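After the structure tokens below, expect a handful of questions from me.
The values are calculated or read from the model by the stated rules, or taken from the named source; none is laboratory data. Nothing here was measured: the structure is a model prediction, and the numbers come from that model. When we count neighbours, we look across all protein chains shown, and the Cβ atoms used for this are built from the backbone with ideal geometry, even at glycine.
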Amino acid sequence: MAAYDRVLVDISEGIGTLTLSRPEKLNAFDREMCRDLIDALRMLSGSDQVRVILLTGAGRGFCAGADLGTLAEGAAELVGAGREVPVLIRAAPQPVLAAVNGPAAGGGANLALACDYRIASDQASIGQVFHKLGLVPDWGGSFFLPRLVGPSTALELVWSARMVPAAEALALGLFDRVVPQERLQAEARALARLWASQPPLAVRRAKEALYVSEQSTLASMLELELAQQMELFATPEAQRRIGASRAQRSH
């Protein structure tokens, strides 16, 4: 397995855990972390051993966005990484689960929003803080935010540049589930294990279809569903599961 300076990677039980690891900086992005994150995501998404990718942060923060000390010489690379990372996450065949363990700000907020699902600590918060620096959302924020909360709420969050606490983030749909801080990693891993137990090709096709549907018509989705279903019906995994279910019902 590749070694990284700014992220930690572990693979076990079919789960590839990627931990942002600059805890003294609340896991803020510098150029090296961006490179490590991109390389680790490519490695995990391309591994047959990995059925779910779990993304979290070391220490008390998830990700504070850009390391302001590196912006002067590294702005282009940091923003450029924000063009690549969300695409890698959405294109990964596996579910990508964010375990938001603390503040997720700016690009760090949008890193979480790029993931397929967000389980968060009750101590976590998330915010589009870009206007505090005279900037606008990057790392996909202008795409993800209005789709999750609607345009008017998205604009309020951007213009206010405020950190949203966990309970409000859950109500708005920025977080999908909130659990006590001490239970976060266990709950996230239990969810990842459940997803990892599902047939990987079916999981992949479902992820593809749901994201394609954002830009599709009902008619085109019905055609895609038919093609996917016929592909999956023919797999040994589906035949085994259908047979087992039929046998169970007959008793």
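Inside region 57-85, can you point out the residues that are outside any helix (DSSP H, G or I) and surrounded by fewer than 23 Cβ atoms within 10 Å (Cβ to Cβ)?
Applying the first criterion (outside any helix (DSSP H, G or I)) to region 57-85 yields 57-67.
Within region 57-85, Ala58, Gly59, Arg60, Asp67 meet the criteria.
Going through Arg193, Arg189 one at a time, which residue ends up being surrounded by fewer than 16 Cβ atoms within 10 Å (Cβ to Cβ), within 30 Å of Ala238 (Cα to Cα), in contact with a strand residue (DSSP E or B) (Cβ under 8 Å, 6 or more places away or on another chain) and not small (Gly, Ala, Ser)? Show your work before the answer.
Working: Arg189 fails: surrounded by fewer than 16 Cβ atoms within 10 Å (Cβ to Cβ).
Only one candidate qualifies: Arg193.
Mind telling me which of the residues Gln248, Gln215 ends up being surrounded by fewer than 13 Cβ atoms within 10 Å (Cβ to Cβ), at pLDDT below 95 and within 24 Å of Val87 (Cα to Cα)? Walk me through how you get there before you give the answer.
On the way: Gln248 fails: within 24 Å of Val87 (Cα to Cα).
Exactly one of Gln248, Gln215 is surrounded by fewer than 13 Cβ atoms within 10 Å (Cβ to Cβ), at pLDDT below 95 and within 24 Å of Val87 (Cα to Cα), namely Gln215.
Under the condition of being surrounded by fewer than 23 Cβ atoms within 10 Å (Cβ to Cβ), of a type outside the set (Gly, Ala, Ser) and outside any loop (DSSP other than H, G, I, E, B), which residue from region 114-144 is modelled with the lowest pLDDT?
The extreme case among them is Leu133.
Rundown of residues vs (1) more than 21 Å from Val52 (Cα to Cα); (2) surrounded by fewer than 12 Cβ atoms within 10 Å (Cβ to Cβ); (3) under 17 Å from the mean Cα position of the chain (by Cα); (4) among the polar types (S, T, N, Q), yes/no style:
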residue	(1), (2), (3), (4)
Ser160	yes, no, no, yes
Gly173	yes, no, yes, no
Pro199	no, no, no, no
Glu208	no, no, yes, no
Leu226	yes, yes, no, no
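So which residues in region 131-157 are farther than 23 Å from Arg90 by Cα and out of contact with any Phe, Trp or Tyr (no Cβ under 7 Å at 6 or more places or on another chain), if there are any at all? Give the derivation first.
Initially, region 131-157 is screened for residues farther than 23 Å from Arg90 by Cα, giving 131-135, 152-153, 155-157.
Residues satisfying the conditions are Lys132, Leu133, Gly134, Leu135, Ser152, Thr153, Leu155, Glu156, Leu157.
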